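Each remark here refers to the structure printed beneath this line.
Just so it is clear, none of the values below were taken in a lab; they were calculated from the coordinates. Because the structure is predicted, anything quoted here is derived from the model rather than measured. Glycine also receives a Cβ, built like all others from the backbone with ideal geometry; neighbour counts cover every protein chain displayed.
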Amino acid sequence: MKQVINDDTLAGVWSRFKTGDQEAFAILYNQHIDNLYSYGTKLCNDEDAVKDSLQELFLELFLKRDKIKISQENLKFYLALELKRSLRAKFSTVF
């Protein structure tokens, strides 16, 4: 079951994530993965491509965490946009 996290707690988790805290990364992943997967499967019928794109997305998020200039409040929109871009790149003729 997904843990419910309030905005103040998410701000703290985001700050910890930005410093490389792996537990904070896991919390962010678990907070967003279900909605992103659902969104991705609405954009693309290839579930494996969606899973691959999500894996790449979260890897890039972790690797570039110190360079990403977004706030925690905008994270879900950033992730959705990046997922859409990734799927569009894989299936440029579909979109």
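Read phi for every residue in segment 74-89 and hand back ³J(HN,Hα) as whole Hz from Karplus 6.51 cos²θ - 1.76 cosθ + 1.60, θ = phi - 60°, with x for Gly and Pro.
Values, residue by residue: 9, 4, 5, 6, 4, 5, 5, 5, 5, 5, 4, 4, 5, 5, 4, 5 Hz.
Can you pull the one-decimal nm distance between simple spin-label points at LEU63 and SER38, each 7 Å off the Cα toward Cβ?
Output for this residue pair reads 3.0 nm.
Under a crude label model (7 Å from the Cα following the beta-carbon direction), how far is GLU56 from LYS76 in nanometres?
2.5
Specify the inter-centroid distance of segment 25-46 and segment 69-92, based on alpha-carbon positions, in whole Å.
11
State the label only: which of [x] -0.30, -0.49, -0.64, -1.32; [y] -0.23, -0.39, -0.52, -1.31; [z] -0.26, -0.44, -0.58, -1.36 corresponds to log10 I(q)/I(0) by the Debye sum over Cα atoms at q = 0.10, 0.13, 0.15, 0.25 Å⁻¹ computed from the shown model?
Looking at log10 I(q)/I(0) by the Debye sum over Cα atoms at q = 0.10, 0.13, 0.15, 0.25 Å⁻¹ for this model, the match is [z].
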